[in-house]
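Everything on this sheet refers to the single structure shown next.
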Amino acid sequence: MKYDKIVLAGGNGYLGQVLQDYYKPLTRELIVLSRKPAPQTENIKTVVWNARTAGEWTDCLNHADMLINLCGKNVNCRYTPENQTEIISSRVGPTTLLAHVIQSLPAPPRLWINVTSATIYRHAEDRPQDEETGEIGYGFSIDVCKKWEDAFFQSPTPGTRKVALRMGIVFGKRDGAFPRLLTLARLGAGGKLGNGQQYVSWIHEQDAAKCTEWLLQHESVSGVFNCTSPKPVKNEALMAAIRKACGIPFGVPSPAWLLEIGAQIIGTETELLLKSRWVLPKRLLDNQFEFSYPEVEHAINDIVWQP
């Protein structure tokens, strides 16, 4: 085994499952901190915590090679005052708790990755946004990211290296945005969304997992990293690539006004579809990280053709 112990806080969601599959053959022990108990399967063990207070679970972090924090309410909802409060507290609360616990441990994790969001950058159609020259946007989603990262970086953890991983839209077959876009295409509704000119900063699920291991192995790096493909695409091109992969020649477009009606019906926000996220992973590229799926066509084909 390459690693002794890896801990996933809030690791039962889609990305958590991807990371479980990735690290299962690589680590002696994989611990998932969850609010709900689950039976142990081989080397994957679930430890119950409430994400609000310290308890017996804190010992799991001792001698860990890496902690990846994935906690946070799904933003695929209407931004009502109640949901806004929960979206913020479900991110800031566990992050603050983990920081306090790590400060008290005799053998804290070597690396702590907080998976945040590339949506922290402004709506960008004029130029790409990277870690050095990117401009922070405004609005609720950006405020969430700022409070999230502030909670992460404001508490010193001298024995633990820290990385805020600003994740793009993760593409995979089991869950997340991609299966929904694929369903639209197969139903004949996979045309451009809005004017189709908004950029989509995406990442194949295997590259997202691979990136976390690369960060673990490169002990000299820390701070903010964008985790997105080096080749973002416009929505119009993305939808065309999805249609091509599943053999659908045409897709009915969805204008912005129709998306707003649909968003209200299904309980989500059009920002998730219409904001132009033109984000580049400059620090990964500068440090020679090698993407397995840099091209969106190759990533889509890999996902669609999976059994």
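From a point 7 Å beyond the Cα of Gln217 in the direction of its Cβ, which residues of the stretch 3-36 have a backbone N at a distance under 13 Å? Label zone hits: 3. The label point for Asn301 and the one for Ile136, both projected 7 Å from the Cα toward the Cβ, are 4.1 nm apart.
When a 1.4 Å probe is rolled over the protein heavy atoms, the share of accessible surface on the stretch 190-307 that falls to carbon and sulfur comes to 57 percent. Loop-located chymotrypsin sites (Phe, Trp or Tyr not before Pro) in the stretch 93-190 (DSSP state not H, G, I, E or B) with no more than 14 neighbouring Cβ atoms inside 10 Å: Tyr138.
Across the stretch 143-232, Cα-Cα pairs more than 22 Å apart make up 44 percent of the total.
Extension gain for Ser104 to Ala189 (0.36 nm times residue separation, less C-alpha to C-alpha distance): 25.3 nm. Taking all protein chains as shown and a probe of 1.4 angstrom, Glu131 keeps an accessible surface of around 40 Å². In the chain, a dipole from Cβ-located charges (positive for Lys and Arg, negative for Asp and Glu) runs towards its positive end, and of Gln40, Ile136, Val18 it is Gln40 whose Cα lies farthest in that direction.
In the context of the full set of protein chains, residues of the chain present 45 Å² of accessible surface per residue (probe radius 1.4 Å, heavy atoms only). Mean residue ellipticity, 222 nm, helices only, the chain: the sum of -39500 (n - 2.57) across DSSP H runs of n ≥ 4, divided by residue count and rounded to 500, is -11000 deg cm²/dmol.
Model label points for His63 and Lys2, set 7 angstrom from Cα along the Cα-to-Cβ axis, are 2.2 nm apart.
Volume per residue for the chain equals 136 cubic angstrom (convex hull of Cα atoms). Taking every Cα-Cα distance in the stretch 214-284 and sorting them into 10 Å bins from zero, the calculated P(r) comes out as 15, 30, 31, 17, 7 percent. If only the Cβ of Lys and Arg carry +1 and only the Cβ of Asp and Glu carry -1, the dipole of the stretch 173-228 around its Cα centre is close to 420 debye.
Taking the protein heavy atoms of the stretch 28-85 in the context of the full set of protein chains, the accessible area attributed to carbon and sulfur is 49 percent at 1.4 Å. Quote the FRET efficiency, to the nearest 0.05, computed for Glu125 versus Glu82 with a Förster distance R0 of 41 Å and r equal to the Cβ-Cβ distance. In this case the efficiency is close to 0.80. Heavy-atom accessible area with a 1.4 Å probe sorts Arg180, Arg122, Arg277, largest first, into Arg180, Arg122, Arg277.
Loop-located trypsin sites (Lys or Arg not before Pro) in the stretch 32-62 (DSSP state other than H, G, I, E, B) with a sparse environment of at most 15 neighbouring Cβ atoms within 10 Å: Arg35, Arg52.
The values are calculated or read from the model by the stated rules, or taken from the named source; none is laboratory data. Just so it is clear, the structure is predicted and the values come from calculations on it, not from any experiment. Every residue, glycine as well, gets a Cβ built from its backbone with ideal geometry; the counts of neighbours run over all protein chains shown. Please note that ligands, DNA and RNA were not included when accessible areas were found on the heavy atoms of the full protein model with its side chains. Shrake-Rupley method; radii C 1.70, N 1.55, O 1.52, S 1.80 Å.
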